[in-house]
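Quick notes on the structure that follows.
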Ligand code: BG6
């Protein structure tokens, strides 16, 4: 009996990214990114010292991988175009081998009935652009807009769903605040500039896309972490409101409403942390409103009022305004150390419905990273019942949201084939398809077979 039937034309698929799957990192004209640089400098920061060159080699195997997607009944797939592959110097000349690869890959997807969702930046800043200041530099913002326009012109006939950035807050947090991405800076004011310039870059790309009047939609992919207070006490509520401003609304509001929340601007002004703004920025941001929002959801954020007063001599950080809170009895994914809270997906959709004009959205990532999956091998196949449960529990809440009029159009699992995951490398496996890194052999997991049925039946 079908309990959860989804709307017609629901998108069922999975997501990946160029830097995590393509391989051929320095081949066929591709230039280095910040990941190649960081791995060269600090291999010990990467799990088992496995770096960006060790991927599932999508660059070489995309045709057979797309056949696997077909077997899994995908009607969509997200990946990204690597700036350092398409325009190796960051600006100027386009790499013909990259154009050929992306055209072939897109043609193969389309020929197999799989709609490409294409993202333009997945943490993979070309090294030459980082050397110019990365997102701290307005010159890089302009270079990104040119890269985006090049993509629209080259591939716009094939791609109808574009995304300017994946999780733009992550390079801010990782690279400029919490030291888990290159360039490993810890400085709130610089982080705020990076965040601000990323949204300017986003808005410029949207503006360029609309000027071309192509048939299609443009959006952004945000990792939203619903911010739950420990209690309804006003000080806990205030803590969660501020965490929400820093970690969700700092990107969600400009992306959907075209402007920053006044409360966030006021707060940063009060602590003298506002990034430098120029004339015309506000008008530009107002033009960056998206057609479609990708929502990555993995875990909630739980906070409480700070227990101790802030030392005003310490460097400014979002954590000046709240403490993290571990809810008693919470469910955990012990491998990744992330809480599992399925209802979060529903709460996000209700928030988008009620406070963001019910912007059309889709779940662009959701998934469960598990370490040591080989121990679930039975007769050559990983029996990942935990992943089936994780996905179906989230889909039930997603279904409830849709039945309450939330405009959610699809679901992508993170990820298709186990992939290289930044400094976690292959520590946690996320795929519907198991990758043997040594032989490059792919084997569909039990969850992949389950998902193929869900997609075929448009429900479960
Ligand atoms: C998302 C990213 O944040 O989470 C992906 O968009 C990433 O690129 C995924 O791989 C899983 O993260 P991790 O760190 O658990 O491997």
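The values are calculated or read from the model by the stated rules, or taken from the named source; none is laboratory data. Quick caveat, the model's predicted, so the values are computed rather than measured. Counting neighbours? That spans all protein chains shown, and the Cβs are built from the backbone with ideal geometry, glycine included.
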Report task. Assess whether residue 450 counts as being over 28 Å from residue 228 (Cβ atoms), in contact (Cβ under 8 Å) with a residue 12 or more places away in the chain and assigned to a loop (DSSP other than H, G, I, E, B). Result -> no
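Check 120, 109, 97 and return the single one that is touching a strand residue (DSSP E or B) at 6+ places or on another chain (Cβ under 7 Å), in contact (Cβ under 8 Å) with a residue 40 or more places away in the chain and more than 19 Å from residue 206 (Cβ to Cβ).
Numbers: 120 fails: more than 19 Å from residue 206 (Cβ to Cβ); 97 fails: touching a strand residue (DSSP E or B) at 6+ places or on another chain (Cβ under 7 Å).
The conditions single out 109.
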Report task. Take the range 230-255 and flag every residue that is in contact (Cβ under 8 Å) with a residue 40 or more places away in the chain, in a helix (DSSP H, G or I) and in contact with a helix residue (DSSP H, G or I) (Cβ under 8 Å, 6 or more places away or on another chain). Result -> 242, 243, 246, 247, 250, 251, 254, 255
Report summary line: Across the range 359-383, the tally of residues that are part of a loop (DSSP other than H, G, I, E, B), at negative phi, away from the ligand (no atom under 13 Å from the Cβ) and touching a strand residue (DSSP E or B) at 6+ places or on another chain (Cβ under 7 Å) stands at 2
**Report entry** Odd one out for residue 284, checked against (1) surrounded by 12 or more Cβ atoms within 10 Å (Cβ to Cβ); (2) part of a loop (DSSP other than H, G, I, E, B)
**Finding:** (2)
Query - Residue ranges of helices (runs of 4 or more DSSP H) in the range 1-72 with at least 2 members under 30 Å from residue 360 (Cα atoms), modelled with pLDDT of 95 or more and within 16 Å of the ligand (Cβ to nearest atom) - result: 18-21
Query raised in the report: Can you name the residue in the range 220-229 that is in contact with a helix residue (DSSP H, G or I) (Cβ under 8 Å, 6 or more places away or on another chain) and in a strand (DSSP E or B) and is also farthest from the ligand (Cβ to nearest atom) among such residues?
Result: 229
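Residues checked against (1) more than 16 Å from the ligand (Cβ to nearest atom); (2) crowded, with 18+ Cβ neighbours inside 10 Å:
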position: 393; (1), (2): yes, no
position: 398; (1), (2): yes, yes
position: 404; (1), (2): yes, no
position: 414; (1), (2): no, yes
Requested in this report: Would you point out the residue of the range 158-171, among those that are more than 13 Å from the ligand (Cβ to nearest atom) and touching a helix residue (DSSP H, G or I) at 6+ places or on another chain (Cβ under 9 Å), that is nearest to residue 316 (Cα to Cα)?
Outcome: 164
Query raised in the report: Within the set of pairs 6+ apart or on separate chains, which have a first residue in the range 417-440 that is farther than 16 Å from residue 375 by Cβ and in contact (Cβ under 8 Å) with a residue 12 or more places away in the chain, a second that is outside any loop (DSSP other than H, G, I, E, B) and near the ligand (Cβ under 7 Å from one of its atoms), and C-beta atoms under 6 Å apart?
Result: 419/20; 420/20; 430/414
Query raised in the report: Mind checking which residues of the range 333-346 are part of a helix (DSSP H, G or I), within 19 Å of the chain's Cα centre (by Cα) and more than 16 Å from the ligand (Cβ to nearest atom)?
Result: 346
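Could you please find all residues in the range 200-219 being out of contact with any strand residue (DSSP E or B) (no Cβ under 8 Å at 6 or more places or on another chain) and either free of Cβ contacts under 8 Å to residues at least 60 places away in the same chain or within 16 Å of the ligand (Cβ to nearest atom) (or both)? I'd like the intermediate steps shown before the answer.
The first filter runs over the range 200-219 and keeps only residues out of contact with any strand residue (DSSP E or B) (no Cβ under 8 Å at 6 or more places or on another chain), leaving 200, 203-204, 207-208, 211-215.
Answer for the range 200-219, where residues must be out of contact with any strand residue (DSSP E or B) (no Cβ under 8 Å at 6 or more places or on another chain) and either free of Cβ contacts under 8 Å to residues at least 60 places away in the same chain or within 16 Å of the ligand (Cβ to nearest atom) (or both): 211, 213, 215.
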Report summary line: Per the filter on the range 123-139, residues in contact with a helix residue (DSSP H, G or I) (Cβ under 7 Å, 6 or more places away or on another chain) and either free of Cβ contacts under 8 Å to residues at least 24 places away in the same chain or under 19 Å from residue 36 (Cα atoms) (or both) are 123, 124, 125, 126, 127, 129, 130, 132, 133, 134, 135
Report task. Might you check whether a residue that is in contact with a strand residue (DSSP E or B) (Cβ under 9 Å, 6 or more places away or on another chain), modelled with pLDDT of 95 or more and part of a helix (DSSP H, G or I) occurs anywhere in the range 400-408? Result -> yes
Query - Single match in 295, 303, 310, 290 (criterion: touching a helix residue (DSSP H, G or I) at 6+ places or on another chain (Cβ under 8 Å), within 16 Å of the ligand (Cβ to nearest atom) and under 24 Å from residue 192 (Cβ atoms)) - result: 295
